[in-house]
Structure formats: structure tokens, C-alpha cells
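Remarks on the structure that follows.
The values are calculated or read from the model by the stated rules, or taken from the named source; none is laboratory data. Since the structure is predicted, the reported quantities are computational estimates derived from the model, not experimental observations. Reconstructed Cβ throughout: ideal geometry from the backbone, glycine too, with neighbour counts over all protein chains shown. Areas reflect the complete protein model, heavy atoms only, side chains present, ligands, DNA and RNA absent. Shrake-Rupley method; radii C 1.70, N 1.55, O 1.52, S 1.80 Å.
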Amino acid sequence: MYKHRGFALPFIIMIIIGTLVPLCSIVFYGFTDDTGNFTIENFLAMFSEEHIKALIFSVLLALISTFICLILAYPLGLILRKSKLGKSGFVIFIFVLPMWMNFLLRTMAWQVILERNGLLDHFCQFLNIPFVEIINTPFAVVLGMVYDFLPFMILPIYNVLKSMDEGLIEASYDLGAGKFTTLRKVILPLSVPGIISGITMVFVPSLTTFVISNMLGGGKINLIGNIIEQEFTVSANWNLGSGLSFVMMILIVVSMVIFTKLDEDGEVNLL
Amino acid sequence: MAKELIRLDNLTKSFGDNTVLKGLSLSVHENEFITLLGPSGCGKTTTLRIIGGFEKPDEGRVFFEGKDITDLEPNHRHINTVFQKYALFPHMNVEQNIAFGLKVSKKSDEYIKEKINYALKLVNLEGYEKRNINSLSGGQQQRIAMARAIVNEPKVLLLDEPLGALDLKLRQEMEYELIRLKNELGITFIYVTHDQEEALTMSDKVVVMNEGVIQQMGTPEEIYNEPQNAFVADFIGDSNIIDGFMIHDKLVNICGVDFPCVDSGFGENKAVDVVIRPEDVELGKPGKGQLDGEVIHNVFIGVHYEMEVMAGDYEWLVQSTTSHPVGEKVSIKVKADNIQIMHKPQSKDEEALDLDV
């Protein structure tokens, strides 16, 4: 085994350059002020009113997006599990197809659709109703998040449902359970791993995004991601940006650990 | 005769181009252990799934206690199944698995607890209530699957090759266990297997199937001793199936020699299939039997020696506790009542028609 250790070298170099070095510099910048002296001010800054507000708002939008993705993806997974189309994977292909397009481009497309004089505007004029102005509102940001991250919810849920043993579902019917009871007591609990990984894969990027809120929020929607980005780009305060990033990272890691722990203990009961 | 519980009336089922059942009719009576036996793809599992409600027949009806249940969903049938791979719920422990059906039908906690205790005692797994399903061995899982099905007090228990995944020793133990359970519970068992030994050991009635058609139905003794066609004879145990022709009633010519037999009604000078079980072939000194030959093969397989004897242009399969070395000249003798005469099938359809007895 040890003979082939050398093959891991490119990966190890990547990890060092791409992950370890940036992580160390974030920690370094986070613990220093602009003169290079040690400080923990940058971390405590997270608890300032402005930042806490942005954080709560970000969590809220991320939760809403995650929830919408879940209630869109799960029924779809249930339908596709049984259908021929689902088995051939064609429908899944259609849903995942947008993922192969550039993420910025997809978000920009929504901008073009939603903005004044955009597609939606023209459509409203055609129907002779007033322009439904959702661009630059939290609604547009949630829409963008759901659209961008939905495939990440669909794939794990579809996979877990597709590979579920049909015999277990038949056993449930056999023991007298109806469709709804079977869904609640057998299918849903057994698909928890897929749901968990779907939630993780949608919630984390939704929480930290700044591109979607920038493009569809018109600078009016300040999420924690936007604040961190501005510290780096506009204010050129790398120390504060690093400090905030680091706190976010810790928050995410801690919540993930708790979340997966709950799953292992089987205490996640979704209904 | 016991009351008729299930009647299958002329069932037909195809999956795509593949016709699995071709007009199958069958009656199952109360308190009967009936086994559907056949090679894979013969339609036995499909028949079971139609009774359980997991498949709908293309044509034909299913009756349960006289009522047509063909279109009834499985959860509304008074029938429970022990699945091939047990299908125990991996996210529940033993107790929760057994309680599943009782909880669904909203039984009281006390009743459920009592039933779980009773069922675990019945399958000899007392004290396993809180065990994780994945920590159980195959045989234990099999017992829990039984327990989960029988606590619902079904009138019929369907068993889909439940012993298939177990090793030989355990399988034999479970065979006796199943017979005991069936007698204690007094319910009807419909059992599906491709293993003829299981079928013969446990059943009151064996239904031999092939290519979606019932080949023969009867007690294990009838099936073994009087197979009605070459398929049944070949599938149930080893046998010599030899071309012969009836000289007249009670005399058949095989390999150019006349053998007295006990069958009649086949006509005169009519070509027939002759079945002789390998243990019924007696070997002796040359010239002392009905036909002379030479041993060409000899294998010791435990309970007896299995030999092949070339005699009259046919390789006779012979089982005997006395060994005859390869190359030895021997004679063959068969008692009249050990010779089973069968019609030669003209075609497969006719083979099937023969069986409507």
C-alpha cells in the first residue's frame, strides 16, 4: 500500500496550496489588526447589531430556500421512483442540466427576466396587469437560491428513493398500512440520509452566497455573505473580513456536526 | 374435506412479451400447507404475488372465502407474507417490526405487548425485543419476519422462498420449525420454493409448475411415486426416463427387453416414457437379472453410491449402498411396481391439458 503513496502527492500539494494556506492566512488576518497586532476584535465584530441582523436574515432566507427546495424535490423523487421516465434517468438529467451552465449566467438570466423592461414586465403588459416588481426584494433572492440550488436537493433525495428496497414498501402494505402510513413510517424515515445531505448541500451555499443577493437584490439585500465580500473588496479591511468568515465557518461546522449527530441517533423525525 | 379458502380461477399474466401464467387455476383449503414448486421463471412467485395483491392478473379472478378480491389492495387483504429477503424494516428494532401491523390496525398497547411476547416465544427468540435488525443472523431475521406476519392473525400466510438464503443445516431445522408453527397456528400456508426437498418434507399438497402451467398436483408421495409426466419425474428427485413402448397392459418393452409393470390403459404397441427411480434399480451378477450391462461410473456421495450402468444402449442411474467398481459386469432388475409409465407429450400444450385432474 505504501508503495503507491506518491500518487497522492498532487492532491496533497493541492490541499496545501488551496486549502491549508488560505485557511491559515484567514486565521492570521482574523487574529490581527491592520498594524499586525494581535486582537480578537474581528471575531467579536460578528456580534455587532448590523452583523447579527444580516446573519439572522441570511439564516432566514437560507432556511426558506432550503425548505422550498425540499418540498419541491421530495414529491418529485417519489413520483420518479415509480415511473419509467424516472428509471431511465431522463427527467433527472433535465433537472440537473442547468448545473452544467455557469452559475453566474443562470443568476443573470433571472435578473433579465425579473427586471423592469424584462420578460416578466413584458408579460405583465401583455396581460394588462401592473408590473409584478419582485426584483430587488428578498423574494427574488429566494427565487434565485431555489433555482440555483434545487438540483443539489433533487439528486441525493432521488438517489436514496430510487435505491430503496421495494420489498420494504410491499411489506408495509402487506401488514395493512395504506399509502400515507407507508410514506410516513417507512419511506420517509428511510430517506432521511438523502434529505440530510440535500439540506446540507442547499443550506450552506444559500447561507453564504453573495452573488445571488447582489444580482437579484440590487444591493438592497444585505446578507452576511455580502458584508464579508464588501469588507474584502470595498472597505479593503481584510482583517475584519477574515474574522467574520472564520466565525461563519465555525458556525456552519458546528451546526453540521450537531445535525449529522442527530441523524445518527435517529432523533430526526421529520413528521 | 376442509373448507375452500382461496380459489384462483384461470389466471393469466404477462410481463411485456413474457407470458408468465397461462390460465392457472388452483384451490387452497383451510389449514393446508400447500407448496408451489418449480424452476425459476415457472410463475410460482407471480402466483404468490397475485394472491398477496402485489400483482394484478391480466385475466382471471382471485377468490378469498368466496369473495372476489382480484382488485383489492394488499393492505385490505386478510393475508400476510414472509418475503424472500425478509424485508424487515432496518430503521426499527425487533419489537417495532413485529408491532408494525398491529399499530397500523390500532390495537391497544397492552394487546401489542402480549402479541409480541407470544410471537417471540413461538419463534424461540424471547428477549430479542430491543435488538437491532442488522445485528441478527439470517435465521433469526427469518424468524422475526415470520413473527411479524403471524401476529396479525392472517388466515393465510404466504411464504416466498423463505429458506433460500439459509445454509443447509439451518434450512433443515427451519423446515421442522415451519411445520410446528403451521400446526400450532392452524392457518393455511402457501409456500413457494424451487427446492424439491423442502416441498416434499413440509407440504400437505405440492403443486409442480413449469412455464406458467401446473404440471401436477398431489401429496408429496403421489408426486414422488407417480409423476404424471417427464418434467415432474425429472424435477422431483433423480430419475431414469427411458423411451419404451407398451406391449399390452402390464407389460412394457424398454431397451429391447420386456418388463412386467402395474400400469394399464395405455393401449398396445404405444410409445411411452418410462420412469424408474435410481434407488429402485437393483444390481446383481450378470445373467441373474432382466438386462446385462457394465458399470461406467461410480461416485460415493455419503448415504449411498451413485453409479451409472451402460445397459441396452441407455445409461442407467443407479443408487445403491453396495458399491460395484467401474468396469464390473452387472445385471439390472426392476420390480414391477417400481416402473412408472407415462404418456409421451405430443406438445407442450397437450402436456398441460393432461393435468386437469
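Using each residue's phi in the stretch A:157-171, evaluate 6.51 cos²θ - 1.76 cosθ + 1.60 at θ = phi - 60° and report the 3J(HN,Hα) Karplus result to the nearest Hz, with x for Gly and Pro.
5, 4, 4, 5, 6, 5, 8, 5, 5, 4, x, 5, 6, 5, 4
How many Å² of accessible area per residue for the stretch B:4-225, probe 1.4 Å?
Value returned for the stretch B:4-225: 42 Å² of accessible area per residue.
Based on C-alpha coordinates, I'd like the Rg and Dmax of chain B, in Å.
Calculated on Cα positions, Rg and Dmax stand at 24.1, 78 Å.
Ranked highest first by average number of other Cβ atoms within 10 Å, how do B:152-159, B:171-178 line up?
In decreasing order of mean packing, B:152-159, B:171-178 become B:152-159, B:171-178.
What number comes out for the charge environment of A:A236, summing +1 per Lys or Arg and -1 per Asp or Glu over other residues with Cβ under 13 Å away?
On the way: positive: none; negative: A:D34, A:E229, A:E231.
Taking every Cβ under 13 Å from that of A:A236, the sum is -3.
Please report, as a whole percent, how much of the solvent-accessible surface of the stretch B:4-225 comes from carbon and sulfur atoms (probe radius 1.4 Å).
Carbon and sulfur atoms account for 45 percent of the accessible area of the stretch B:4-225.
Which percent, to the nearest 5, of DSSP beta bridges fully inside the protein assembly as shown are antiparallel?
Details: 62 of 80 bridges.
Here the share of antiparallel DSSP bridges comes out near 80 percent.
Please express the shape of the stretch A:47-265 as an equivalent ellipsoid: the semi-axes are the square roots of 5 times the eigenvalues of the C-alpha gyration tensor, given largest first in whole angstrom.
35, 25, 14
For peptide B:75-82, how many partner chain Cβ atoms fall within 10 Å of a residue's Cβ, on average?
Other-chain Cβ atoms within 10 Å of each residue's Cβ, averaged: 4.
Please compute how much accessible surface disappears when B pairs with A, both sides summed, using a 1.4 Å probe, and round it to the nearest 100 Å². Walk me through the numbers on the way to the answer.
Working: alone 17290 and 16170 Å², together 31880 Å².
In total, chains B and A hide about 1600 Å² from solvent.
Considering only C-alpha atoms, what is the centroid distance from the stretch B:236-270 to the stretch A:110-152, in Å?
88
Return the Rg/Rh ratio of the stretch A:1-155 with Cα-based radii and a Kirkwood Rh.
We get a ratio of 1.12 for the stretch A:1-155.
Might you work out the accessible area of A:S163 for me, using a 1.4 Å probe with all protein chains in place, and round it to the nearest 10 Å²?
Taking all protein chains as shown, A:S163 has close to 90 Å².
Give me D for the protein assembly as shown in µm² s⁻¹, whole number, from Stokes-Einstein with Rh from the Kirkwood sum over alpha-carbon pairs, 37 °C and 0.692 mPa s.
The estimated diffusion coefficient comes to 106 µm²/s.
Which ³J(HN,Hα) values, rounded to whole Hz and listed in residue order, are derived for the stretch A:109-115 from phi using the Karplus coefficients 6.51, -1.76 and 1.60 in 6.51 cos²θ - 1.76 cosθ + 1.60 with θ = phi - 60°, glycine and proline given as x?
Each residue's phi maps through the Karplus curve to give 4, 5, 4, 5, 6, 8, 5 Hz.
Can you pull the mean other chain C-beta count within 10 Å for peptide B:231-244?
Other-chain Cβ atoms within 10 Å of each residue's Cβ, averaged: 0.
So what's the stretch B:239-350 giving for Cα Rg divided by 2.2 N^0.38 Å, two decimals? List each step's numbers first, then the result.
Numbers: Rg = 14.5 Å, N = 112, 2.2 N^0.38 = 13.2 Å.
Ratio of Cα Rg to 2.2 N^0.38 Å: 1.10.
Angle between the Cα long axis of helix A:238-264 and the longest principal axis of chain A, 0 to 90 degrees, nearest 10?
30
Give the long-range amide H neighbours of B:V272: residues separated by 5 or more places, or on another chain, with amide H under 5 Å away, using H modelled in the peptide plane at 1.01 Å from N.
Residues meeting the criterion, in which the H sits 1.01 Å from N, are B:G244, B:F245, B:M246.
Can you pull the accessible area of A:M256 for me, 1.4 Å probe, Å² to the nearest 10?
My reading of the accessible area for A:M256 is about 40 Å².
If Lys and Arg each add +1 and Asp and Glu each add -1, what is the summed charge of the other residues whose beta carbon sits under 15 Å from the beta carbon of B:I247?
After counting each charged neighbour, the total is -3.
For a 21 Å ceiling on Cα separation, which of these pairs sit above it: B:K67/B:K155; B:K270/B:K344; B:K13/B:K182; B:K3/B:K155; B:K44/B:K85?
With Cα atoms farther than 21 Å apart: B:K13/B:K182.
Apply the Karplus curve 6.51 cos²θ - 1.76 cosθ + 1.60, θ = phi - 60°, to the phi angles in the stretch B:78-87 and return the couplings in whole Hz, x for Gly and Pro.
Per residue, the Karplus-derived 3J(HN,Hα) values read 7, 9, 10, 10, 9, 7, 4, 9, 6, 6 Hz.
If DNA, RNA and ligands are ignored and the probe is 1.4 Å, what is the ranking of A:W238, A:W100, A:W110 by accessible area, most exposed first? Provide the component values of the computation, followed by the final result.
Working: A:W238 125, A:W100 175, A:W110 55 Å².
Solvent-accessible surface, decreasing: A:W100, A:W238, A:W110.
Return one number: the angle in degrees, 0 to 90 and rounded to the nearest 10, between the long axis of the Cα atoms of helix B:138-150 and the longest principal axis of the Cα atoms of chain B.
Helix B:138-150 sits at roughly 60 degrees to that axis.
Can you give me the long-range amide H partners of B:T81? Hydrogens built in the peptide plane at 1.01 Å from N, cutoff under 5 Å, separation of 5 or more residues or another chain.
Distant-sequence amide H within range of B:T81: B:L158.
In degrees between 0 and 90, to the nearest 10, how far off the longest principal axis of chain A does helix A:224-233 point, with axes built from Cα atoms?
That helix lies at roughly 40 degrees to the long axis.
Would you mind checking which residues have amide H under 5 Å from B:Q215's amide H? H placed 1.01 Å from N; only 5 or more apart, or other chain.
For B:Q215, the qualifying residues are B:V208, B:M209, B:N210.
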